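The values are calculated or read from the model by the stated rules, or taken from the named source; none is laboratory data. All of these numbers come straight from a predicted model, not from anything done at the bench. Ideal geometry is used to build each Cβ from the backbone, glycine not excepted, and the neighbour counts take in all protein chains shown. We work out accessible area using only protein heavy atoms, side chains counted, and drop any ligands, DNA or RNA first. Shrake-Rupley method; radii C 1.70, N 1.55, O 1.52, S 1.80 Å.
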Amino acid sequence: MAVLAMRDALNQALREEMKRDASVFLLGEDIGLYDGSFKVTRGLMKEFGEKRVLDTPIAEEIIIGTAIGAAMSGLRPVAEMMTVNFIMVAMDQVVNAAAHIRYMFGGGTKVPLVIRTPGGGGHQLGAQHSHSHENWFAHVPGLKVVAPGTPADAKGMLKSAIRDDNPVMFIENEGTYAVKGEVPDGEHLVPLDKNEVKRPGEHITICAHSRMLIVAMDAAAELEKEGISAEIVDMRALRPLDMAPVIESVKKTSRLITVEEGWRSYGVGAEIASRVYEEAFDYLDAPVARIGAAEVPAPYNKKLEKIVFPGKADVIVTAKALLGKN
């Protein structure tokens, strides 16, 4: 089993699926000659040619509109948005078209489309390049939304997404592309609708996805030194939202923290908390605690930016508070 960085695991998934299925092609800004802004598509234009790796103009609505039409015509496009913040100008195509078409045509057509896009902050890129919007897409029926936090899941979920007959929002994080981990060679598929316990524990449950999964795992390692055993549930599948491992974990620990990089209001943590209150209220010994970004546009200033986004210390302090150990 090879150890790969997240960007290389994604690249491997794209290469394997393009070799397997000639209908798979890529389109996006700077993904070909430049190998992608984050080098996820490195070498693919050279290997598969300009007809299957298309450099597009800076026109997000045209990228998504073209991809939807291609998907309806029998191809399997993988569209790259340079950052999730840029997809705002293409929201009509994503929500009104991609998500709805299969329903509006009574199943007479399908949209096997993957939209890959990174989000997240912490790189001094300002308010128009630093946010996490996966909850916006997870709100919409007709879309599948995933946000892997490990290289192995990134490869396996991207391969599954490409083979899916529905539009899939594949949310990456700029802060994870260099993160390394073991990745199975060859055929490796991870379901798009299953969340997973990444670390077993007894005293408290922590739900996190994408880069916050890494933050939660680091916090759990620190808490362990103080005798606090945290169970980490990776919320990699956001729509459909697989709550089964969360409910089972809460029944065991009786305390829950949600951690997300986006704003708390109307966020992923809000949805998880609501469902836990509906399905496992009697098992809770304390209110659900939600950790998210400060509710301001991300600042450029490095010191302010560090305060805005949640980190390991926030998780540790919150866990101790829930357990009455601060």
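Tabulated values for the structure
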read-out	value
With at most 12 other Cβ atoms within 10 Å, longest stretch of the chain clear of loop GluC sites (Glu not before Pro) (DSSP)	51-186
In Hz, Karplus ³J(HN,Hα) per residue of segment 102-108 (6.51, -1.76, 1.60; θ = phi - 60°; x = Gly, Pro)	4, 6, 5, 9, x, x, x
Calculated over segment 61-190: convex hull of Cα atoms, volume per residue (Å³)	101
Mean projected area (nm²) of the alpha-carbon convex hull when segment 31-94 is viewed from all directions	4.4
Segment 103-160-segment 263-297 distance, computed between alpha-carbon centres (Å)	21
Among Asp234, Asp153, Asp164, residue whose mean-square fluctuation peaks in a GNM of the chain (springs only between Cα atoms under 10 Å)	Asp164
Carbon plus sulfur fraction of accessible area for the chain, probe 1.4 Å, in percent	54
Per residue solvent-accessible surface (Å²) - segment 65-122, probe of 1.4 Å	36
Rounded to 5, percent antiparallel among DSSP beta bridges of the chain	20
Where Rh is the Kirkwood radius over Cα pairs, Rg/Rh for the chain	0.97
Cut-off under 5 Å, modelled amide H: who pairs with Gly311 long-range	none
Long-range Cα-Cα pairs in segment 263-303 (distance over 11 Å), rounded percent	69
Computed helical MRE - 222 nm, the chain, DSSP H runs ≥ 4 contributing -39500 (n - 2.57), nearest 500	-10000 deg cm²/dmol
Diffusion coefficient, µm² s⁻¹, Stokes-Einstein with Kirkwood Rh over alpha-carbon pairs of segment 1-150 at 25 °C and 0.890 mPa s	153
Within segment 288-307, backbone nitrogen closer than 15 Å to the virtual label 7 Å beyond the Cα of Gln124 toward Cβ	299-307
Length-normalised contact order of segment 179-281 in % [C-alpha pairs under 8 Å, at least 6 apart]	32
Normalised contact order of segment 1-94, rounded percent, pairs of Cα under 8 Å and 6 or more residues apart	29
Contact order normalised by residue count of the chain, Cα under 8 Å, 6+ apart, percent	16
Lysines whose Cα lies under 30 Å from that of Lys306, excluding same-chain neighbours fewer than 8 positions away	Lys39, Lys155, Lys180, Lys198, Lys225, Lys320, Lys325
Candidates Ala99, Ala293, Ala22: whichever shows maximal mean-square fluctuation once the chain is modelled as a Gaussian network with Cα springs under 10 Å	Ala22
Share of alpha-carbon pairs per 5 Å distance bin for segment 258-326, given as whole %	3, 16, 22, 21, 20, 10, 5, 2, 1
Whole-Å semi-axes of the ellipsoid equivalent to segment 153-296 (Cα gyration tensor, √5λ, descending)	25, 18, 16
Most mobile of Gly156, Gly106, Gly142 in a GNM of the chain (Cα contacts under 10 Å)	Gly106
Kyte-Doolittle at least -1.0, axis length at least 15 Å by Cα - qualifying DSSP helices, the chain	60-72, 151-163, 211-225, 268-280, 312-322
Reciprocal of mean inverse Cα separation for segment 123-199 (Kirkwood radius, Å)	13.9
